[in-house]
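Asks: So that we are looking at the same thing, I have put the structure below in structure tokens.
Readers should treat all values here as calculations from the given coordinates under stated rules, not as data from a laboratory. Please read these numbers as outputs of a predicted model, since none were measured by experiment. Positions of Cβ are generated from backbone atoms using ideal geometry, with glycine treated the same way; all protein chains shown enter the neighbour counts.
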Amino acid sequence: MRRRLPDVEDTLRILKEKRTRPLHRPPPPASRALRGFMKDLDGRFGQGASALIARWREIVGADIARRTEPVKLIKGRNGAPSSLEIRVAGPSAAIIQHQAQDILARVNVFLGADAVGKLRIVQGPIRRAEPPPPPRRKAPLDAATEAELMESLSRAPEGRLKDALITLGRGVLRRGGS
């Protein structure tokens with residue numbers, strides 16, 4: 001035997017009489033829950049290698065940063081100072097080895113006194129490349145050359161073809177073509 005479905009009035013009555021269970025609240029975002037814990041860890045153990053990677057150029061200078069990159073910070077045992085492993089581009093290793101004390105001093109200024117006691121140099125390709133220089137904008141044509149170009153294209157019909165021809169003409173004339 002089939003059960004009949006309640007109509008609208010019965011549905012409203014049932015909903016008023018029965019108390020429904022509240023919806024389950026989702027957990028708070030992990031960042032909110034871990035914020036205090038991470039702040040405490042940062043205060044106890046310092047910023048670590050990720051801070052070095054982000055600010056390496058500022059710490060060691062542009063010349064050394066171009067040839068090196070920090071790989072990892074190896075924590076010392078029983079409270080001993082840490083070791084910093086850096087990757088050096090091939091033939092620059094000898095130069096960097098002579099500057100090891102300066103690099104250690106700069107890193108210790110950033111991370112805290114005696115945070116790093118030893119520098120470990122590993123030869124290999126630098127993984128992060130320098131950003132390419134921004135493209136240069138070419139100087140605009142002088143007024144006489146621009147007028148001559150417009151006059152030569154005055155008979156061309158208006159539209160996309162004429163715009164493309166003007167752009168092409170400007171490019172050729174900027175390069176010194178005739």
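Asks: Find which of 172, 108, 144 sits farthest along the positive direction of the dipole of the chain, computed with +1 on the beta-carbon of Lys and Arg, -1 on that of Asp and Glu, about the Cα centre.
Replies: 108
Asks: If you don't mind, there's one more thing I want to ask. Assuming R0 = 25 Å, can you tell me the calculated FRET efficiency for the pair residue 127 and residue 55, based on Cβ-Cβ distance, to the nearest 0.05?
Replies: Efficiency at R0 = 25 Å is approximately 0.90.
Asks: Given charges of +1 on the Cβ of Lys and Arg and -1 on the Cβ of Asp and Glu, with all other atoms neutral, how large is the dipole of the range 29-178 about its Cα centre, in debye to the nearest 20? List each step's numbers first, then the result.
Replies: On the way: 26 positive and 15 negative charges, 122 e Å.
With Lys and Arg at +1 and Asp and Glu at -1, about 580 debye.
Asks: Another question, then. Scale the Cα Rg of the chain by the rule-of-thumb value 2.2 N^0.38 Å and send over the ratio, two decimals. Each step should come with its number before you reach the end.
Replies: Details: Rg = 33.9 Å, N = 178, 2.2 N^0.38 = 15.8 Å.
Normalised by 2.2 N^0.38 Å, the Cα Rg of the chain equals 2.15.
Asks: Sort 116-125, 134-143 by packing, meaning the average of other beta carbons within 10 Å per residue, with the highest value first.
Replies: Numbers: 116-125: 14.2, 134-143: 8.4.
Top of the packing list down: 116-125, 134-143.
Asks: In addition: Calculate how many DSSP beta bridges within the chain are antiparallel, expressed in % of all such bridges and rounded to the nearest 5.
Replies: Details: 6 of 13 bridges.
Around 45 percent antiparallel, to the nearest 5.
Asks: Sort the following peptides by mean Cβ neighbour count (other Cβ atoms within 10 Å, averaged over residues), highest first: 158-164, 92-98. Don't skip to the end; give the middle numbers.
Replies: Working: 158-164: 9.9, 92-98: 14.0.
Going from most to least packed, we get 92-98, 158-164.
Asks: Same structure, new question: Take each uninterrupted DSSP H stretch in the chain, measure its Cα extent along the helix axis, and return the ones at 18 Å or beyond whose mean Kyte-Doolittle hydropathy is at least -1.0. Each step should come with its number before you reach the end.
Replies: Numbers: long enough: 30-45 (21 Å, -0.46); 160-175 (23 Å, -0.08).
What comes out of the filter, once short or polar helices are dropped, is 30-45, 160-175.
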